[in-house]
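No value in this document is a laboratory result; all are computed from the given coordinates. All values derive from a computational prediction rather than experimental measurement. Don't worry about glycine lacking a Cβ; one is built from the backbone with ideal geometry, like all the others, and counts go over all protein chains shown.
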Amino acid sequence: MIARGRFITLEGGEGAGKSTQIKRLAAWLELSGISVAITREPGGSPEAEEIRRLLVDQSSRAWDGIAEALLVSAARHMHVRDTIQPALEGGAWVLCDRFYDSTTAYQGYGRGVDLVVLDQLRRIAIDTLEPDLTIILDVDVQTGLTRAMERRGGETRFEQAGLSFHTRLRAGFQALAATEPHRCVLIDANRPIEAIELSIQDLIERRFCI
Ligand SMILES: Nc1ncnc2c1ncn2[C@@H]1O[C@H](COP(=O)(O)OP(=O)(O)OP(=O)(O)O)[C@@H](O)[C@H]1O
Ligand SMILES: [Mg+2]
């Protein structure tokens, strides 16, 4: 029987470095002969990507927090069923760029949806599945937004509402790390890319004895 793979999620605000670090982590794991599947949320399976389009399409109507939570939960259900579970069962390590902690941070801490409601949605969408490890990249709000904007080649100043939203997000991620220390590890992402990469490798070596 093939051993089930590990399920690792990367979390953090915009520009924290999730997409950068997930690629580096995948390459490093593959060097040890581990088979890796990279995926992301919202999205990660055909139906979930359809829902992603609804959420990111600027011309769509403005969803409120509950509607967003329901949409991402429906997407997550399909993503887990069709992509994550099959990969884990096939022995791959699944690295997922955002997962349910982003719903807690964005729709909960960011948009004010009741955290108990979000927990109920999580159970409906994915039952008892939880990541073996969640890496939360913690970055100063302004630094993260500047990185994200530079990547898009856009404006680098932010209006106050955006800043306070992102400040609540960061506090939400920090609270998650404090509440679930067995699963979530906060990594200081204000440092250079290579330093963060080494911290993640060190964490994985210690956690999974590879
Ligand atoms: N530690 C770092 N120091 C400086 N720049 C970084 C660092 N990590 C990532 N970057 C750069 O910042 C930009 C955003 O990084 P990345 O796309 O990995 O962030 P992200 O967390 O995936 O953001 P988003 O949530 O918007 O997808 C990229 O241009 C990347 O090269
Ligand atoms: Mg990204």
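Take Leu198 and Thr167, extend 7 Å from each Cα along the Cα→Cβ direction, and tell me the distance between the two endpoints in nm.
So the two model labels end up 3.4 nm from each other.
In deg cm²/dmol and to the nearest 500, what is the mean residue ellipticity at 222 nm of the chain if only DSSP H runs of at least 4 residues count, each as -39500 (n - 2.57), divided by the residue total?
Taking each H run of at least 4 residues, the total per residue is -16000 deg cm²/dmol.
The chain: D in µm²/s via Stokes-Einstein (Kirkwood Rh, Cα pairs, 25 °C, 0.890 mPa s)?
Answer from the Stokes-Einstein relation: 139 µm²/s.
Most mobile of Arg168, Arg152, Arg98 per a Gaussian network model of the chain (Cα springs, under 10 Å)?
Highest fluctuation among the options: Arg152.
Determine the gain in length on full extension of the stretch Leu115-Asn190; use 0.36 nm per residue of separation and subtract their C-alpha separation, reporting nm with one decimal.
Extending this stretch completely gives an extra 24.2 nm.
Between Leu55 and Thr146, take the C-beta separation as r, use R0 = 22 Å, and let me know the FRET efficiency to the nearest 0.05.
0.40
For Pro192, what charge total do you get from the other residues with a beta carbon under 14 Å from its beta carbon, if Lys and Arg give +1 and Asp and Glu give -1?
Overall, the nearby charge balance is 0.
Once you put a point 7 Å from the Cα of Glu180 and another 7 Å from the Cα of Arg206, both along the Cβ direction, what distance in nm separates them?
Those two pseudo-labels are separated by 2.0 nm.
Would you mind telling me which residue in Thr128, Thr103, Thr20 has the biggest mean-square fluctuation in a Gaussian network model of the chain, where springs connect alpha carbons within a distance under 10 angstrom?
Highest fluctuation of the listed residues: Thr128.
For the chain, what are the DSSP H helices with axial Cα length of 27 Å or more and mean Kyte-Doolittle hydropathy of at least 1.0?
none
Hey, in the GNM for the chain with a 10 angstrom Cα cutoff, which one of Gln142, Gln107, Gln174 fluctuates hardest?
Result for the chain, Cα springs under 10 Å: Gln142 fluctuates most.
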